[in-house]
Amino acid sequence: MIRDIPSLTRPGISLAVGLSALAGYVMAAGALSGGGALFAGTFALSAAVSVLNQIQERGRDARMERTRNRPLASGRMSVVQGCLIFALLLALSATLLWSLLSWRALPVLLVVLGLYNGLYTLMKPVTGWAMIPGAACGALPFWIGWVAGGGGLSSIEPAYFFVFYFVWQMPHFWMLAEANADDYAAAGFPVPANSFSGFSRQAIPRIWALALAMIGGMAPLFGLATGPGQAYALATVCPAYALLAIFARARVLRLASDGFLAGVVLMIVAERLTT
């Protein structure tokens with residue numbers, strides 16, 4: 001069972017979630033100190049959400065080539081074992097987040113579980129547009145870190161980053177569904193791209209990627225990346241990424257989107273740490 005833990009918890013995604021929350025914490029607190037509990041708590045929460053999702057979708061996962069070897073879908077792990085791992089991870093997350101958020105940890109847990117394991121997971125067999133609540137959930141970690149770092153909800157920074165992360169995820173969801181359309185169909189998941197022409201199927205994720213380039217370039221309008229070096233970097237990187245969005249293949253575009261988002265966020269966080 002221990003060997004199956006990585007595929008059950010998807011540590012790569014959980015790492016990205018933890019780092020996103022840590023970025024929000026640094027932006028609010030102006031320092032890294034104290035962020036370890038937040039990183040661990042959001043990492044554990046992401047892992048718990050993944051486990052519960054695989055419990056919910058184990059039957060459909062078993063019908064997809066991409067997911068049929070997951071521990072619950074393949075039968076190597078029982079539902080009871082999966083539920084136990086989920087409960088332990090959720091309890092760990094709640095304990096760590098409570099140390100920073102106090103009573104606000106409860107609504108955070110409820111919103112994340114409600115969006116991903118509620119709306120997103122329940123909508124997936126019904127409509128391909130389940131990607132919208134899924135992307136909204138993926139955009140929350142920065143906001144969680146911002147609140148944990150003492151930031152106010154009326155500030156513009158968490159709103160900017162929420163939109164930035166949300167837009168980044170939309171072409172990813174779209175291209176993932178497009179690349180695995182046959183698998184999704186076999187499991188009974190609708191693919192939104194199938195409702196569009198071939199040209200539109202290629203154009204829509206690129207339009208989202210161009211929107212991501214534009215939002216990244218707008219950071220100085222929100223008081224972020226305002227130094228000369230940062231402004232020059234944005235003026236160079238944003239057009240380069242926009243060109244990739246237009247001409248690159250889907251696999252290259254997904255990797256470029258990850259690098260673009262990580263680079264812009266890291267630049268903004270580094271600026272906050274040095275001012």
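A few comments on the model shown:
- Check on residue 147, assigned by TED's automatic domain parsing to the domain that holds residue 62 and in contact with a helix residue (DSSP H, G or I) (Cβ under 8 Å, 6 or more places away or on another chain): yes
- Answer residue from the stretch 197-235, given it is of a type in the set (A, V, I, L, M, F, W, C) and not in a helix (DSSP H, G or I) and is nearest to residue 156 (Cα to Cα) among those: 224
- Checked against the criterion of being closer than 26 Å to residue 12 by Cβ and either outside the structural domain of residue 163 (by TED's automatic domain parsing) or surrounded by 14 or more Cβ atoms within 10 Å (Cβ to Cβ) (or both), the candidates 216, 259 yield just one match: 216.
- One residue from 112, 167 being on the phi < 0 side of the Ramachandran plot, touching a Phe, Trp or Tyr at 6+ places or on another chain (Cβ under 9 Å) and buried (at least 20 other Cβ atoms within 10 Å of the Cβ): 167
- Of the residues contained in the stretch 109-127, none is found to be more than 26 Å from residue 57 (Cβ to Cβ) and in contact (Cβ under 8 Å) with a residue 24 or more places away in the chain.
- Of the helices (runs of 4 or more DSSP H) entirely within the stretch 85-178, those holding at least 1 residues that are more than 16 Å from the chain's Cα centre (by Cα) occupy 105-113, 140-148.
- Selection status of residue 100, modelled with pLDDT under 95, more than 24 Å from residue 262 (Cα to Cα), surrounded by 20 or more Cβ atoms within 10 Å (Cβ to Cβ) and not basic (Lys, Arg): yes
- In the stretch 153-184, the residues that are out of contact with any helix residue (DSSP H, G or I) (no Cβ under 9 Å at 6 or more places or on another chain), among the polar types (S, T, N, Q) and touching a residue at least 12 places away in the same chain (Cβ under 8 Å): 180
- Within the stretch 14-37, the set of residues being within 16 Å of the chain's Cα centre (by Cα) and among the hydrophobic types (A, V, I, L, M, F, W, C) comprises 15, 16, 17, 19, 21, 22, 23.
- Among residues of the stretch 212-251, those that are free of Cβ contacts under 8 Å to residues at least 12 places away in the same chain, of a type in the set (Gly, Ala, Ser) and under 23 Å from residue 178 (Cβ atoms), counted: 1
- Which listed residue, of 55, 85, is touching a Cys at 6+ places or on another chain (Cβ under 9 Å), over 21 Å from residue 136 (Cβ atoms) and either β-branched (Val, Ile, Thr) or not assigned by TED's automatic domain parsing to the domain that holds residue 134 (or both): 55
- Among residues of the stretch 46-84 being touching a Ser or Thr at 6+ places or on another chain (Cβ under 9 Å), touching a residue at least 60 places away in the same chain (Cβ under 8 Å) and not in a helix (DSSP H, G or I), the one that is surrounded by the fewest Cβ atoms within 10 Å (Cβ to Cβ) is 69.
The values are calculated or read from the model by the stated rules, or taken from the named source; none is laboratory data. In this text, all values refer to a predicted model and were calculated from it rather than measured experimentally. Quick reminder, even Gly has a Cβ in these numbers, built from the backbone with ideal geometry, and neighbours come from all protein chains shown.
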